[in-house]
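Read-outs throughout are calculated quantities, based only on the coordinates presented, and are distinct from any laboratory measurement. What you see is a predicted model; the values in this text were computed from it and never measured. Every residue, glycine among them, receives a Cβ derived from its backbone with ideal geometry; neighbour counts consider all protein chains shown.
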Amino acid sequence: MAEALWRHDAPAALSGWRAAALAVLMVALVACKPVSGPVRFHAEGQPATLSEWNLFVREDGVMAPSAGVVPYDLNTPLFSDYAHKLRTVWMPEGKAAVYDGEATFDFPVGTIISKTFYYPRVAGEAADSDAVLRSQGGEGALAGGRLQLDKVRLIETRLLVRREAGWVALPYVWNREQTEARLMRSGELVPLTLVEGDDGAGGRESALYQVPDQNQCAGCHGTEIRSRALEPIGPKARHLNRDFDYVDADGSPVRENQLRHWRAQGYLRDLPADGAMPRVADWRDGTQTVEARARAYLDVNCAHCHSPGGPGNTSGLWLGSAVDQPLRLGRCKLPIAAGHGTGDRRFGIVPGHPERSILSYRMISTDPGVMMPELGRSVVHREGVALIEAWIAAQTGECGDAG
Ligand code: HEC
Ligand code: HEC
């Protein structure tokens, strides 16, 4: 039997007016609460624990999305110190997001999007060890967005909740027992040791994983710099247009396109009838061109800031997948400021020369005044850097006098 995760037991006995008052209160709660599975949408306040949302259930050492909570993945995700991510979406009964071919879908009030950051554990390490696996595989994850709790180290679960007044961002940090995650508005630093190879024999690298504080969420999700209003970043057609391994009611795996699944679930309307939905590349997919993979990588990792309305707009460097002007993408582009952040390099991209390009220089850096992205990582994404370097190396041409 599945039990709702970590719900507090109801008081065993109540008498007199208190019981009556509680009954009235419960009727009121039931009346104004959307009734789709056990999930609880909180229209206001900042619940102190993740369990108050009832997004997940625990059964036999497995954490699984509650009924109606749909797991999803992106073609190319954001890099965050090699953390693995479980993303879910939930909407109230009868509500749906509206499809858009370009922008983030328009989600209804009541939507809850979650993203859980976790790492596979290293086999044979003590339960309280800081060692986690530096991997890009699916260790510890099962079909249907389920996690094997003895195989993963849960770090944090972030929520974006769509309320009447707009989106609210809530960071929850997991305890070591993995029984509860608590709201940590001021963020947290989690020391980790990233271990290459699950025999533990590979290289080890220290990472100081940073759970952002609540204000930093807007540093990336405040994609409209004027209003600073928060927006989800990933749920766009081009990122979601891929297959996912769901499980059906009997627990058997079913592979289906995510956009079609959302529609079937009642979570998405106005999907193009002709099936012509855009798609960015999976950055790891060696069968796709370096160009397509690099552009997908920059789109997800950089464009929420590097776009005309985003927090990195002053740089004049725009890295979204639809940008087609080479100069905007950094090619032979002079930086807005010379000095420290450029490493004495002259241009954003020098065709054929990653070692002379500011773009790759800032991705390789871990200096807080230089590194890009400026938030959200403490180690270098070696495979991501290698991809961007290969992309720059394949470009031809000169940058005028000083290239
Ligand atoms: C370094 C930039 C950055 C910061 C800081 C950041 N996010 Fe995100 N977040 C992203 C990007 C990019 C995505 C989409 C790509 C992905 O999920 O891999 C995302 C995805 C999410 C999602 C899934 C829905 C979506 O928008 O795609 C949630 C929920 C979320 N973030 C919550 C938060 C919260 C809460 C905070 C603050 C505690 C926060 N984020 C801080 C960049 C950031
Ligand atoms: C959280 C927001 C944010 C993210 C994410 C981000 N940047 Fe930036 N970036 C900025 C800001 C703000 C500036 C301007 C100030 C500066 O140069 O530090 C900038 C400047 C730059 C510059 C110098 C541009 C110029 O011509 O002066 C480069 C190159 C750059 N970023 C590359 C990247 C790359 C590549 C990524 C993704 C891997 C990325 N950035 C992600 C905010 C961001």
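Here are some notes:
- Stokes-Einstein D (µm²/s) once Rh is taken as the Kirkwood radius of segment 33-240 over alpha-carbon pairs, at 4 °C in 1.567 mPa s: 73
- Rounded Å value of the spacing that divides the Cα centres of segment 173-223 and segment 302-352: 28
- For segment 60-67, the Karplus equation 6.51 cos²θ - 1.76 cosθ + 1.60, evaluated at θ = phi - 60°, returns couplings of 6, x, 10, 9, 10, x, 5, 3 Hz by residue, with Gly and Pro reported as x.
- Taking amide hydrogens as placed 1.01 Å from N in the peptide plane, the amide H of A131 sits under 5 Å from those of T193, each at least 5 positions away in sequence or on another chain.
- Protection proxy ranking, peptides 130-136, 242-248, average beta carbon neighbours within 10 Å, highest first: 130-136, 242-248
- Considering only beta bridges that DSSP places wholly inside the chain, some 90 percent are antiparallel.
- Helix 16-32 vs. the chain, principal-axis angle (Cα, 0 to 90°, nearest 10): 40
- Residue of P120, P272, P108 that the Gaussian network model of the chain assigns the largest fluctuation, springs spanning Cα pairs under 10 Å: P272
- Applying the Karplus relation 6.51 cos²θ - 1.76 cosθ + 1.60 with θ = phi - 60° to segment 160-167 yields 3J(HN,Hα) values of 10, 10, 8, 9, 3, 8, x, 7 Hz, where x marks Gly and Pro.
- Packing-based order for 383-394, 347-358, using average beta carbon neighbours within 10 Å, highest first: 347-358, 383-394
- Highest-first arrangement of 295-304, 150-159, 254-263, where packing means the average Cβ count within 10 Å: 295-304, 150-159, 254-263
- D_trans [Stokes-Einstein, Kirkwood Rh over alpha-carbon pairs] for the chain, 10 °C, 1.306 mPa s, µm² s⁻¹: 70
- Spatially close Lys pairs in the chain, defined by Cα atoms under 16 Å apart and a spacing of eight or more places or different chains, total 4.
- Qualifying trypsin sites (Lys or Arg not before Pro) in segment 176-223, where qualification requires a DSSP coil assignment and no more than 11 other C-beta atoms within 10 Å, comprise R176, R185.
- Percent RCO, i.e. relative contact order, over segment 290-402, from Cα pairs under 8 Å lying at least 6 residues apart: 21
- Nearest-ten-degree value, helix 382-393 long axis tilted from longest Cα axis of the chain: 40
- Tilt relative to the chain, helix 290-301 - C-alpha long axis, 0 to 90 degrees, to 10: 50
- Distances between placed amide hydrogens fall under 5 Å for V152 paired with R121, all partners being 5 or more residues away or on another chain.
- More than 25 Å apart - percent of Cα-Cα pairs taken over segment 290-402: 11
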